[in-house]
1. Taking only pairs six or more apart or across chains, which ones have beta-carbon atoms under 9 Å, a first residue in the stretch 1-28 that is in a loop (DSSP other than H, G, I, E, B), and a second residue that is of a type in the set (Val, Ile, Thr)?
2. Restricting to helices (runs of 4 or more DSSP H) lying wholly in the stretch 30-142: which have 3 or more residues that are touching a helix residue (DSSP H, G or I) at 6+ places or on another chain (Cβ under 9 Å), outside the structural domain of residue 169 (by TED's automatic domain parsing) and of a type outside the set (Asp, Glu)?
3. If residue 199 meets every condition in (1) outside any strand (DSSP E or B); (2) of a type outside the set (D, E, K, R); (3) out of contact with any Phe, Trp or Tyr (no Cβ under 6 Å at 6 or more places or on another chain) apart from one, which number is that one?
4. Output the strands (runs of 3 or more DSSP E) that fall wholly within the stretch 143-185 and possess 3 or more residues being closer than 22 Å to residue 64 by Cβ, at pLDDT 85 or above and in the same structural domain as residue 132 (by TED's automatic domain parsing), or say none.
5. Can you find a residue that is over 20 Å from the mean Cα position of the chain (by Cα) and farther than 18 Å from residue 218 by Cβ anywhere in the stretch 88-98?
6. Run residue 162 past the list (1) surrounded by 14 or more Cβ atoms within 10 Å (Cβ to Cβ); (2) under 26 Å from residue 126 (Cβ atoms); (3) charged (D, E, K, R) and report the number of the one that doesn't hold.
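The values are calculated or read from the model by the stated rules, or taken from the named source; none is laboratory data. What you are looking at is a predicted structure, and each value in this text was computed from that prediction instead of being measured. No Cβ is skipped: glycine too gets one built from the backbone with ideal geometry, and neighbour counts run over all protein chains shown.
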Amino acid sequence: MSMRAVIKFSKSEAVKYISHLDVLRMFQRALMRSGLKTAYSEGYHPHMLLSFALAAPVGVASSCEYAEVYFEYPMFCEEIKQRLGATMPGGCEVLDVFELDEKYPALMSVVAAADYQFYYKPEESAALARGLLNLNEQPEIIIMKKSKKGPKPADIKPMLYRMEMHENILECSLASGGTANLRPDALDDLLFEKTGVKAEQIFRTALYIEQKGERIRPEQAEGRI
């Protein structure tokens, strides 16, 4: 009997420029060093049953990365946390481990939103606040988004769920996932275009999935065991 575990981990400023592929390889190596018995796919080229809900973009630090891992047999979540935490490289910390029912949808398929903090120089806050006020008054906010057929115009205003300024920190909640997705770096580019102000640091603070029409954190999923 296998076990489906969700591992919540952080990615600090020190490793924020590591690509998603490198994070995947890092995680695979850490799991192998831990001695935990991970499950593998069947066939001629078996691979570790490991996936990520929605990796933070390169250049963005995060306190809410989620990896889904299947293990060969059930074990205590605390044991997984301790053993994997001991083999994770510097800059990444295992924060929590919990079990999900195998019938619950893959987290990557139900990701709906993410919260971010944009950090600015204190002297730039006033210019940014004026730019935000102007954006909020516009009926639509058009940017050029990448697509398989090349850049195309898109209205991102419906994807901006929340934008609040607190001193020199802009807190945002953005649409994320397959249905609608607004990358924080795209928003940063837009704000720079409108205000001439660029964030010094972007940090992801929360990731949400959709369940029965509501946005919740993965830890709150009804499939949690």
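1. Going by the 9 Å Cβ cut-off, the qualifying pairs are 16/58; 16/60; 16/202; 17/58; 18/58; 19/58.
2. Passing ranges, in order: 77-85.
3. Only one criterion in (1) outside any strand (DSSP E or B); (2) of a type outside the set (D, E, K, R); (3) out of contact with any Phe, Trp or Tyr (no Cβ under 6 Å at 6 or more places or on another chain) is unmet by residue 199, namely (3).
4. In the stretch 143-185, 160-166, 169-175 are the strands (runs of 3 or more DSSP E) which contain 3 or more residues that are closer than 22 Å to residue 64 by Cβ, at pLDDT 85 or above and in the same structural domain as residue 132 (by TED's automatic domain parsing).
5. No.
6. (1)
One line per residue, one yes/no per condition, for (1) among the hydrophobic types (A, V, I, L, M, F, W, C); (2) closer than 18 Å to residue 144 by Cα:
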| site | (1), (2) |
| --- | --- |
| 172 | yes, no |
| 179 | no, yes |
| 182 | yes, yes |
| 191 | yes, yes |
| 194 | no, yes |
| 201 | no, no |
| 209 | yes, no |
| 213 | no, no |
| 218 | no, no |
